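Novice: Got a structure for you, written out below as structure tokens; questions coming shortly.
Since every read-out is calculated from the coordinates, none of them should be taken as a lab result. Note that the coordinates shown come from a computational prediction; the quantities given were computed from them, not determined experimentally. Neighbour counts run over all protein chains shown; Cβ positions are idealised from the backbone, glycine included.
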Amino acid sequence: MPSMNDTKNETKRGYWRSLDELAQSSRVAELVDQEFPGYDPEHMVGTSRRDFVKFAGAGLALAGLATVGGCRRWPEEEIVPFTSAPSETIPGRALSYATVYELGGVGHGLLATAYDGRPTKVEGNPNHPFAVTVAGKIGSATQFAQATVLDMYDPDRSRVIINRTTAKPEAGTWAEFVEVASEKLAKAAAPVILSEAMSGPTVAALKKELLAAYPKLEWVEYEPISHDAQTEAGKLLTGAAVREIYDLSVADVVVLLDADLFSAANPGHVRYQADWAARRKVEGKEAVERGISRVYMAESTYSVTGSNADERLPIKPSRVDAIARGIAVGVGVSGVSAPDGLSAMEKAFVENAVADLKKAGKNAVVAAGSHLNPATVAVAMAINAALGASSGGAVKVVALPDGARPSHSAAIVKLAEQLNAGSVDVLLIVGGNPAFDAPVDVKFEEAIKKVGFSAHLSLYDNETSVACKWHVNRAHYLESWTDARALDGTVSIGQPIILPLFDGKSPAEFLAAMAGDKLAKVTGEALVRQANGLGDDKAWRKVLHDGVIPGTAYAAATVKVGGEIPQPAPMGTTAFELRFLPDSKMYDGRFANNGWLNELPDAMTKIVWDNALLLSKKDSETLGVTTGSVVKVTVGTGLAALIQDVAVYVMPGQPNGSAAVALGYGRRVSGKLGVGQGFPTYNLRGSTGWHVVGADIRSIGESYQIVTTQEHHLIDWSAKMAISQRIGDKGVTGKIARETTFVDFKADEHSANKKSHGKMSLQLFDPPNTFNTPHAWGMAIDMNACTGCMACVTACQAENNIPVVGKSEAYNHRIMQWIRIDRYFKHDPVNDADVQMPDTIHMPMLCLHCENAPCEQVCPVAATVHDTEGLNTMIYNRCIGTRYCSNNCPYKVRRFNYLDYQSKDPRGGKWPWLDLPDTQQMASVDKIKQMVFNPQVSVRMRGVMEKCTYCVQRIKAKTIPARNHKEEVLADGTVKWGNVVDGDIITACQQVCPTQALVFGDLNDAESQVSKLRRSPRSYDVLEELNTRPRSKHMAKVRNPVAGAVAEAKAPTAHG
Amino acid sequence: MAEKTNTDAGAKRFAFPRWANYFLPLAVLAVLGGALYAPTFVYFGFSPKTTWANYAPQQPVPYSHALHAGQLGIDCRYCHSTVEKAAYAAIPPTQTCMNCHTNIKYESPKLAVVRASYQTGEPVKWKKIHALADYAYFNHSAHVNKGVGCYSCHGRIDQMEVVQQVKPLSMGWCLECHRNPELNLRPLDKITVMDWKSDDQQKQGLELKKQYGIRDVAYMTSCYTCHR
């Protein structure tokens, strides 16, 4: 038995959360010792602790006076009914409407929930082919789509039309703008419309109309996060633009060449994850006989998809082409020559992939990342064709209608040249933010300023708006009629849920006004109906209800193989290859002012409020830097060099020689939250080196505070020693996060739990109550399905009115999210000292509603107690804020409101003690921001503990109407009252989970989905030895590596 | 192990200054004050005045429930139409008033506000009388479908010229009934009848409780039944 100080033994620990923890740096030691690191009370609050006590005393006295003198309890309220109520509206009852959100030219089918005409929540449309997870019942949406509802109520959103042609910017009117713009457009010699990618038929029709009305007009499309590589690859192979859509639900083998399919920025995010999980199910004999799919990933960073791969190869971006060609030659693709110089590791990866691909045949998918050279993507397409996968197999190929369009990067460079040459006299920019996100070397901002007349339609008055002569405030998509095409072309109609809050205009309305008088008075609804040919009222209403127009998918296409596929231009020899990533929170920077997304921990790094340069452990040691060091990144040489300082994050699994950085941060003109947040990495992105570029990285000896949530809730060394003894090496199943391999699972379905069952030797308390009348709520959390995509965190935040705390409070471990995804790494310290091949496990952690809850036993005021159905209830109005419960919670899932986080000034303003708590709180939350609150959930105030409630408001919303319903009246007059059935109640996290990794239901019903899952041999209680009897059970992960049992897969070289 | 980052180890020991001695008499006063404060707080804090029982604010329209519900006998649900389906018993839209008042007493000056609302589309702003704390979630449908009549919480609305709150609507008052629902249960067809009285409330209440499938006391008094 090692002593407490025996830290050497710790290197054998299986799971770790950060490299600092692994190395046991002094920083982590500090985190363990201090409950709130960096917390200096004298410095943080304007008044000292001593003063605070004085003031608090005075405040109490004043409040007492007010109670005695005023005898009041709450402010006077009004009830404002309709004058004439629309049908279906019932005050306080939620209604859902199908709509669509377009991101990067791809529509995401959504259901928007509105209370009294006020949208509060966005989820996936179960009728939409790319959002459905449980047919007809549950649809999922990315964190981006979910968070758009917060954008809608952003107080910093642009509210007026701004005219900057005058000496000082002044507010203009829509009529004024239309008059000026139409006149300029009519007289223009070379007008240009620069638009963000918009796929809907309405914009397509208006584009046609505009091009006909103004023959000189040029239409340019630009997106900073572009998926053009595939379009270009299609042109290379077949001469036409095509798009591959993968069906992972039938794919036995998936080979990903730096393709992050599970990233929220991937347009197929939901579909791909749902299908992947469907093919990984191990429930039932049939599934076990059939086997689960195997995912190969060769990648230049450590992506979410990579963390879920069975075989992963970390390589530089420039090596991806060689891997692709190696596989192509292996499966017999003509026109591709064998690459030379494959390392042993690469060779083993290629050989394994080839063998599996050949076996899978049609049921294989090879996908290449959209940042790669089109030639590399073409090789991947050719492999799919050669295997027969893209002709009736797991890959569907569709023809894109806008094939003639130049690539986004080429288009913006050409436009900048035109602008600089002064050959454009009118520039209308529809959406987007090119002054911020265009290639930095074309200096787009200055170029815009050279145009005689420029206008920008945008949600925010941003970098581009400021450079333009006019800014027109855009209507949010929840305020306007829109349409957009899904990945496969299926058209969805977006209907407004609310009238424009600030009288903004939708792109369609804007373009229609520009197209001329005859359309200027036409409503957005008429435009959308006309463009989609939905004149018939009945058909229109059906489309609005369903959200999709069936039969509108793009035509199928085929990929021909045969010709020689060219080699991509070789990368120059630089110390590092720098890859640009779409940010998992900011996307391209458009969500900069969105608090939910800013505070959403990145799936892999767990960074909040920032981006960072990802470096491998070895590279960071060579450079002499560590997480938080600032480095100078130089792209190119001489005068044209692009230079930017960026903070480093040392990322396990990051390939040596490859650096990766997320785009979208460092906004110059945005709202309160957006400006100056993170590093402006667009400064490194020139027109050559659009996705990957050679770079030089040097330490400049400065440091920067990066905040990650990965080290929150660390427990002390002695407890950690115990954990390390219980977990063991990589390849051995742990106690907290359990796993097995498919081979082991097939041999013994209890393999994940066999050696791990905790032993409970001492029973301190009497066995708890059964807590099962009339229902027994419970949950199953399947780590074999969880990809760590983080969609559930945003869903929970939106559903439960969870506040955003800001970077400095996040640093103090005060993040409020009720659900977190614990991400543990695991590696072999002997053969993989560089941490190139860590295993990852994503473990959702939320209140487990223990039947024998430790929190309840320590609450002095019984503010947290059990109800009869097994919910661990948290009663805000009873809570006095001792935080004992959080101290005693072994899962660390309780969150405390240290400040009034929802208010404009969380520290309470100048004289907070003069107000009574109720009025103070109501007045302090921004009136517009209040509109996003879910009225079914209390908004918590300062000094109150909170945590997951199993979405009790959703339980009540179903059980009450069910119980009110008379199902049957028997002959003797007795009534059989209704009841909820399995699947009626869906928690917010389950609702948006693409893989249904979280399943909620009634444990009294033996046939409910959750009961069945909990009977699985993979099911276990986390920390079962504490006898907390959690109502949420976790289920072990099943990996499917080539080597079979994980225990054999020790060294990276042993994979072959 | 951890490095000590706190640098105040070498700071001088703190000693209370002499004037701190005056705090002793102050402390005595504070204790006496506290002893006075506590009963005063309880007395005023829990008085009906604070809970606003009998609160009867002036409404924008001099609408008389005594006339409409009492003399004319209009069923409560004609106006409060959502009471059986939703959490809120909705205040009727102006349209509902005008259903009758386009024909009856169209010229009445008392209806000026309603007519104006109907013509302009500007809603009538009624004063809220029965207000619960924001952390309490009351559901009308869950009560009226299970035999709790309007009268039990709202009193004799049919006799009120101006509506007033007659019950304290405090948590203690809610729990009285949640613990013993049988004392307030009535047949479903008598929900809106203001003067209904059972011959034997205890006996009939228990029968109805069984018939309605009303949950046991533990469930009815669970925190999440009302708070979320």
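Novice: As a test of the formula, what do you get for chain B when each DSSP H run with n ≥ 4 contributes -39,500 (n - 2.57) and the sum is divided by the residue count, at 222 nm and rounded to the nearest 500 deg cm²/dmol?
Specialist: Calculated mean residue ellipticity at 222 nm is -10000 deg cm²/dmol.
Novice: Placing +1 at every Lys and Arg Cβ and -1 at every Asp and Glu Cβ, with all other atoms neutral, what dipole size does the protein assembly as shown have around its Cα centre, in debye to the nearest 20?
Specialist: The calculation lands at about 1780 debye.
Novice: Once the Cα atoms of helix B:201-212 and of chain B are each reduced to a long axis, what angle between those two axes, in degrees from 0 to 90 to the nearest 10, is obtained?
Specialist: Helix B:201-212 sits at roughly 90 degrees to that axis.
Novice: Would you mind classifying the stretch A:536-644 by shape? Square roots of the alpha carbon gyration tensor eigenvalues, ordered a ≥ b ≥ c; an a/c under 1.5 is rounded, otherwise it is prolate if a/b is larger than b/c and oblate if not.
Specialist: It is oblate, given that a/c is not under 1.5 and a/b is not larger than b/c.
Novice: Scan around residue A:494 for amide H atoms under 5 Å from its own, H built in the peptide plane at 1.01 Å from N, and keep only partners 5 or more places away or cross-chain.
Specialist: Long-range HN contacts for residue A:494: A:100, A:482, A:483, A:484.
Novice: How do the peptides B:111-122, A:653-664 rank, highest first, by the average count of neighbouring beta carbon atoms within 10 Å per residue?
Specialist: Ranking, from highest mean packing down: A:653-664, B:111-122.
Novice: Let me ask something else. Based on the Kirkwood radius over alpha-carbon pairs, what is the Stokes-Einstein translational diffusion coefficient of the stretch B:1-160 at 25 °C with 0.890 mPa s viscosity, in µm²/s?
Specialist: Value of D from the Cα-based Kirkwood radius: 113 µm²/s.
Novice: Work out the mean other chain Cβ neighbour count within 10 Å for the residues of A:860-871 and drop it here as an integer.
Specialist: 3
Novice: What 222 nm value per residue comes from the helices of chain A, counting each DSSP H run with n ≥ 4 as -39,500 (n - 2.57) and dividing by all residues, nearest 500 deg cm²/dmol?
Specialist: Here the helix-only value at 222 nm equals -8000 deg cm²/dmol.
Novice: Here's something else I'd like to know. Amide H of residue A:172 versus every other amide H placed in the peptide plane: which residues, excluding those fewer than 5 positions away on the same chain, fall under 5 Å?
Specialist: Here A:161, A:162, A:163 satisfy the definition.
Novice: Sticking with this structure for a sec: Going Cα to Cα from residue A:396, which aspartates and glutamates come in below 12 Å? Please leave out same-chain ones fewer than 8 positions away.
Specialist: Within the straight-line cut-off, residue A:396 pairs with A:244, A:247, A:488.
Novice: If you consider only alpha-carbon coordinates, what radius of gyration and Dmax does the stretch A:273-356 have, in Å?
Specialist: 14.9, 45
Novice: Would you be so kind as to identify which of A:491, A:515, A:575 lies farthest towards the positive end of the dipole of the stretch A:464-580, taking Lys and Arg as +1 and Asp and Glu as -1 on Cβ and the Cα centre as origin?
Specialist: Checking the options against the dipole of the stretch A:464-580, the answer is A:515.
Novice: Most mobile of B:161, B:107, B:176 per a Gaussian network model of chain B (Cα springs, under 10 Å)?
Specialist: B:107
Novice: While we're looking at this one, here's another question. Once Rh for the protein assembly as shown is found with the Kirkwood sum over Cα pairs, what is the Stokes-Einstein diffusion coefficient at 4 °C and 1.567 mPa s, in µm²/s?
Specialist: 39
Novice: So what's the stretch A:200-246 giving for Cα Rg divided by 2.2 N^0.38 Å, two decimals?
Specialist: After normalising by residue count via 2.2 N^0.38 Å, the value is 1.49.
Novice: Just tell me how shielded B:141-150 is by partners: mean number of partner chain Cβ atoms within 10 Å of each residue's Cβ, no decimals.
Specialist: Mean inter-chain Cβ contacts per residue within 10 Å come to 2.
Novice: So what does the Cα-only Debye profile of the stretch A:369-441 read at q = 0.11, 0.13, 0.17, 0.23 Å⁻¹, as log10 I(q)/I(0), no solvent term?
Specialist: Log-scaled intensity ratios, in q order: -0.49, -0.62, -0.84, -1.16.
Novice: Let me ask something additional. Could you bin all the Cα-Cα distances of the stretch A:474-609 into 5 Å bins starting at 0 and give me the percent of pairs in each, rounded to whole numbers?
Specialist: 2, 7, 11, 12, 12, 13, 12, 10, 9, 7, 3, 1, 0
Novice: Taking the radius of gyration and the Kirkwood hydrodynamic radius from Cα positions alone, what is the Rg/Rh ratio for the stretch A:604-681, to two decimal places?
Specialist: That ratio is 1.00, to two decimals.
Novice: Next question, about the same structure. So what's the Cα pair-distance distribution over the stretch B:20-100, bin width 10 Å, in %?
Specialist: 13, 24, 20, 13, 11, 11, 8, 1
Novice: Turning to a different aspect of this structure: Take the alpha carbon gyration tensor of the stretch A:107-228, find the square roots of its eigenvalues, order them as a ≥ b ≥ c, and report rounded if a/c is under 1.5; if not, report prolate when a/b exceeds b/c, else oblate.
Specialist: Since a/c reaches 1.5 but b/c is at least a/b, the shape of the stretch A:107-228 is classed as oblate.
Novice: Taking the Cα centre of the stretch A:282-327 as origin, sum charge times position over the Cβ atoms of Lys and Arg (+1) and Asp and Glu (-1), and report the length of that vector in debye to the nearest 20.
Specialist: 240
Novice: Along the charge dipole of the protein assembly as shown, Cβ charges K/R +1 and D/E -1, which of A:138, A:89, A:478 sits furthest on the positive end?
Specialist: A:89
Novice: What three numbers, in Å, describe the spread of the alpha carbons of the stretch A:521-560 along their principal axes, ordered from the longest?
Specialist: Projected onto the principal axes, the Cα atoms of the stretch A:521-560 cover 47, 23, 14 Å.
Novice: While we're here: Mind checking A:84-91 for the average number of partner chain beta-carbons within 10 Å of each residue's beta-carbon?
Specialist: 5
Novice: Here's another thing I want to ask about it. Based on the alpha carbons, how large is the Rg to Rh ratio for the stretch A:192-334 when Rh follows Kirkwood?
Specialist: 1.08
Novice: Given the pairs A:121/A:449; A:285/A:1037; B:128/B:203, which span a C-alpha to C-alpha distance of over 29 angstrom in this model?
Specialist: A:121/A:449; B:128/B:203, as the Cα separations exceed 29 Å there.
Novice: Between Rg and the Kirkwood Rh of the stretch B:87-142, both from Cα atoms, what is the Rg to Rh ratio?
Specialist: A ratio of 1.10.
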